[in-house]
Structure formats: structure tokens, C-alpha cells
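The values are calculated or read from the model by the stated rules, or taken from the named source; none is laboratory data. Computed from a prediction, not measured in an experiment: that's the story for all the values here. Every residue, glycine among them, receives a Cβ derived from its backbone with ideal geometry; neighbour counts consider all protein chains shown. Keep in mind that these areas ignore ligands, DNA and RNA; they rest on the heavy atoms of the full protein, side chains included. Shrake-Rupley method; radii C 1.70, N 1.55, O 1.52, S 1.80 Å.
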Amino acid sequence: GNIGVDTLLFLRNIKRISGRGLLTAEITLERTSAARTPSSRRVSLSSGRALGRGDEEWFVWERQLAALGQPDQQVEIAFMVQAEIDAWRLIRRETAPLVVFFPTQKETFLGFVLQGPYRTTPARDNVPEHDEWNQSLVRETASLLAEVLAELRDEGLLTVEVLQALPLDADRFGPGTMFRALFESARAALGQEEMIPAADGGYRSARQLMLASGPGLRELLTPDLLGELCGEEGTIGFASDAISEIRTPVLWRYLRAEAGLDELTPEAVVARVTGEFLSARSDQWIISFYWFLFQHPALWEAPRQSGASASPASPASPAWSKPIIRLEDGAQVAPFDARGRPAAYLPGPADTGFAT
């Protein structure tokens with residue numbers, strides 16, 4: 001009665017398990033498998049329960065061990081999937097013990113399942129980490145992981161949820177740990193290939209992306225403007241808005257520390273804007289820029305200082321020293337001059353000598 005339906009996931013010659021007992025209800029677990037792509041298959045697991053409760057769907061990829069002299073054996077990677085309206089969604093697992101045809105007690109700390117002919121202790125309660133054969137299987141699995149990520153990317157299935165299933169925690173996958181090769185394989189893929197979901201759709205490499213830290217950034221800066229602002233040739237996009245420091249903290253830290261993505265803050269935008277950059281923008285964009293500033297009062301509010309020492313040029317108000325004001329003649333000036341006096345005014349009913 002305690003046999004899980006995923007017991008059948010990696011078995012090739014057993015398609016059905018039935019059981020009954022004096023104190024347990026009769027169970028029938030079934031597995032069906034069909035080719036999905038040249039390198040993967042879809043496996044359907046039936047629990048035999050009413051209304052399909054407990055049924056599971058999986059995508060499984062395999063890599064033959066011919067390079068290790070065992071062409072009749074393979075290492076495998078499996079993701080649980082869920083059917084959507086027009087597609088499949090890969091699901092991150094909360095726990096994923098290493099499988100040697102059947103689950104062992106070795107937790108991998110991944111969001112997907114690994115299977116292979118690893119050497120275990122007789123009681124299957126441990127998998128020797130530094131065993132040469134086991135390490136060779138991990139290296140083969142790391143190569144398979146890179147192929148799986150590329151295939152998922154090409155199919156549009158490489159979601160933020162899949163990224164969160166990867167070996168992201170450098171503390172858990174440090175040098176010398178059993179699955180370090182998987183950590184290095186994922187880091188190379190995400191750091192060098194176009195595999196990170198972008199906010200404008202599709203995938204970009206780490207050097208083509210930035211992390212948006214603050215509201216209004218994605219709406220204000222299109223990829224061509226972001227590239228120009230950052231002084232880069234070509235476009236720079238924002239990573240998917242599903243990636244955030246609050247919602248996906250581990251992935252956020254990983255993309256910064258391991259994949260090399262820079263973080264763009266509202267303060268950094270104001271620090272980077274120049275009169276030349278602003279002069280090239282339309283009036284409508286300047287209006288959008290003012291709305292962006294309004295969303296971040298710390299960029300322009302007067303510093304809270306007492307007495308006559310209060311200065312508009314205080315670092316507490318970085319926008320005050322930037323040429324953010326557009327005059328009627330198209331020139332860009334700072335809101336205040338060096339003495340803290342307004343440098344521009346709204347036009348009144350009568351002509352004056354002030355800049356408007």
C-alpha cells in the first residue's frame with residue numbers, strides 16, 4: 001500500500017504492479033511510455049485511483065554510457081510535467097532522491113530526478129560520493145543536462161520554474177560534492193548560452209540581460225534604450241518579470257553571482273542618464289520618465305535637513321543635479337543651479353527672462 005506510482009518510472013520490463021493484502025486495499029500501478037523527441041520519451045503513470053487521482057506524467061531523457069564501455073546502460077533525467085491548454089509545463093519537485101532504478105535515500109537537492117546504475121551500499125541507504133564509477137555517471141549526467149536545457153529552450157519549455165529546479169545553491173553543490181559537475185554544467189549553459197527567459201519573450205544570454213530592481217524600469221526602457229543607456233553595442237533586455245529578489249531569491253542571487261547578470265536600480269538609471277541621452281528622447285518619453293521619477297520619490301524629494309544648510313545638491317536627491325528638465329527650445333537642464341535656485345519655470349501669461 002506504500003508503493004508510489006513513480007516506482008515504475010524508470011523500469012523498462014515491468015509495466016504493471018498489482019497488489020492486495022489483508023489490511024490494504026487492492027492497488028494496480030501501470031506505466032505507458034512513448035517517444036516524444038529523438039532524445040526523450042513521455043511516461044504516463046497510472047495509480048489506478050478514481051478520477052485519475054495520483055496519476056503522473058513525466059518527460060524522461062537518457063544518455064547511453066558507451067563512452068564508459070557500457071552501451072547497454074544509461075543515465076537519465078526526468079521532469080514531472082502537467083498538461084496546460086496548448087502545451088506542457090514542467091514542474092519543479094520539492095524533493096528528489098537519487099534513483100538507481102528504484103529511489104534511494106540519497107537526496108540530490110534538485111527539482112528533477114536523476115537515475116543511473118550507481119553503486120550503492122548493500123542496504124541502498126547510501127551512495128558513495130567519491131566512488132570513481134559514480135563520479136563518471138555524474139559527469140555523463142552533467143553532459144545530458146546541458147542537452148536537456150538546450151532542447152527545452154528550443155521548445156519554449158525552459159521556464160523560470162525549470163531554472164529554479166537546477167543546482168543553484170553553491171553551498172550545496174560546492175567543489176568536492178557529488179553533484180558539482182551538474183552545477184558547473186548549468187552555470188556554463190546559463191552564463192554563455194541564450195537560455196534565460198527575457199521580459200520581452202524568448203531567451204537571451206547573461207551578457208544580453210539585466211535584472212530590474214524596482215517598479216517602472218521595464219516600462220521605461222526598451223532593449224535598444226537600455227543598451228544605449230548602458231553604453232553597450234546592440235540591445236540589452238530585462239530578465240523575465242517572474243524573476244525577482246522577493247519571489248525567486250535563490251535564482252536571483254544565482255544569476256547575479258554565478259551567471260554574471262547586473263542589477264539595474266532606479267538610482268543607477270538616474271546616475272547613467274546624460275543630457276545627450278535625454279535630448280534624443282521624444283517628449284512622450286520624457287513624460288514617461290517623469291512618471292518613473294514620481295514612482296521613486298527618494299530620487300528627487302528635498303533632503304530632510306534643518307536650518308539654512310539644506311542643499312538641493314545633496315546626494316539624497318540625485319535627480320536634482322541631472323539635466324532632466326526639457327525647455328521649450330529642446331535644451332536639457334538640471335532643476336536647480338549651483339546655488340540651489342530653480343533653473344526652469346512653467347510659462348506664465350506674461351513673457352519673462354526666465355527659462356521655461
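Has segment 34-51 got at least one residue that is in a loop (DSSP other than H, G, I, E, B) and under 29 Å from S136 (Cα atoms)? The answer is yes, given that some residue of segment 34-51 is in a loop (DSSP other than H, G, I, E, B) and under 29 Å from S136 (Cα atoms). Could you count how many residues in segment 250-269 are under 11 Å from M210 (Cβ atoms), open to solvent by 80 Å² or more (accessible area, probe 1.4 Å) and outside any strand (DSSP E or B)? Residues in segment 250-269 being under 11 Å from M210 (Cβ atoms), open to solvent by 80 Å² or more (accessible area, probe 1.4 Å) and outside any strand (DSSP E or B): 1 in total. Among the residues making up segment 100-132, those that are open to solvent by 50 Å² or more (accessible area, probe 1.4 Å), in contact (Cβ under 8 Å) with a residue 12 or more places away in the chain and not in a loop (DSSP other than H, G, I, E, B) are F102, P103, Q105, E107.
With respect to the conditions (1) under 30 Å from V99 (Cβ atoms); (2) surrounded by fewer than 19 Cβ atoms within 10 Å (Cβ to Cβ), G231 falls short on a single one, namely (1). Just to be sure I understand the filter: pairs with C-beta atoms under 8 Å, separated by 6 or more residues or on different chains, first member in segment 213-224 and open to solvent by less than 40 Å² (accessible area, probe 1.4 Å), second member of a type outside the set (D, E, K, R) and part of a loop (DSSP other than H, G, I, E, B). Which pairs pass? Cβ pairs passing all conditions: S213/T265; G214/T265; G214/H296; G216/Q295; G216/H296; P223/T235; P223/I236. Inside segment 62-99, residues that are open to solvent by less than 30 Å² (accessible area, probe 1.4 Å) and either of a type in the set (D, E) or outside any strand (DSSP E or B) (or both) make up a count of 2. The selection criterion, being modelled with pLDDT of 90 or more and part of a helix (DSSP H, G or I), does not hold for R247.
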